[in-house]
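Have a look at this one before I ask anything.
The values are calculated or read from the model by the stated rules, or taken from the named source; none is laboratory data. None of the values given here were measured: they were computed from a predicted structure. Cβ: placed from backbone, ideal geometry, glycine included. Neighbour counts: every protein chain shown. Just so you know, the surface numbers come from the protein's heavy atoms only, side chains and all, with ligands and any DNA or RNA stripped out. Shrake-Rupley method; radii C 1.70, N 1.55, O 1.52, S 1.80 Å.
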Amino acid sequence: IDYNVSLPPLTFTAEQNDAIVSILADIRTFRDEYANAFVMGNRSFNDYDYFVEQIKKMGIDKVLEVYQSVYDEYMSRS
């Protein structure tokens, strides 16, 4: 894996952006709360599977679909 490779600049349509912006906001808040709880010892790392399950319920798969679609479109123009 080459960790020096970065994601190309992606341009989202208004519709794509609208579809993911609120999902990402909720997921980021949830992620930040859980990360803090894990680090501070308020949550056990045994709760990690629950964390993953919750972000899936929150719509991370939809976000990944949109990102993949935009990436595929970008790559088809290159």
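Quick one: length gained pulling residue 25 to residue 64 fully straight, 0.36 nm per residue minus the C-alpha distance? Could the numbers behind the result be given before it?
Working: separation 39, 0.36 × 39 = 14.04 nm, distance 1.42 nm.
Gain in length upon complete extension: 12.6 nm.
Could you pull the accessible area for residue 75 with a 1.4 Å probe, rounded to 10 Å²?
Surface accessible to solvent at residue 75 totals approximately 90 Å².
When the accessible area of the chain is computed with all protein chains present and a 1.4 Å probe, what percentage of it is carbon and sulfur? Let's see the in-between values first.
Numbers: 3150 of 6120 Å².
Its accessible area is 52 percent carbon and sulfur atoms.
Residue by residue, what Karplus-based ³J(HN,Hα) values in Hz, rounded to whole numbers, does the stretch 48-55 have, using 6.51, -1.76 and 1.60 with θ = phi - 60° and x for Gly and Pro?
4, 4, 5, 4, 4, 4, 5, 5
Then there is this: Cα axis of helix 14-40 to longest principal axis of the chain: angle in degrees, 0 to 90, nearest 10?
30 degrees
In nm, to one decimal, how far is the modelled label at residue 71 from the one at residue 32, with both set 7 Å along Cα→Cβ?
Calculated label separation equals 2.5 nm.
For 77, 28, give me the order by solvent-accessible area with a 1.4 Å probe, most accessible first, ignoring ligands, DNA and RNA. Walk me through the numbers on the way to the answer.
Numbers: 77 160, 28 115 Å².
From most accessible down to least: 77, 28.
Using the eigenvalues of the Cα gyration tensor, what equivalent ellipsoid semi-axes result for the chain when each is taken as the square root of five times the eigenvalue, whole Å, largest first?
Numbers: eigenvalues 166, 53, 22 Å².
Three semi-axes, in Å: 29, 16, 10.
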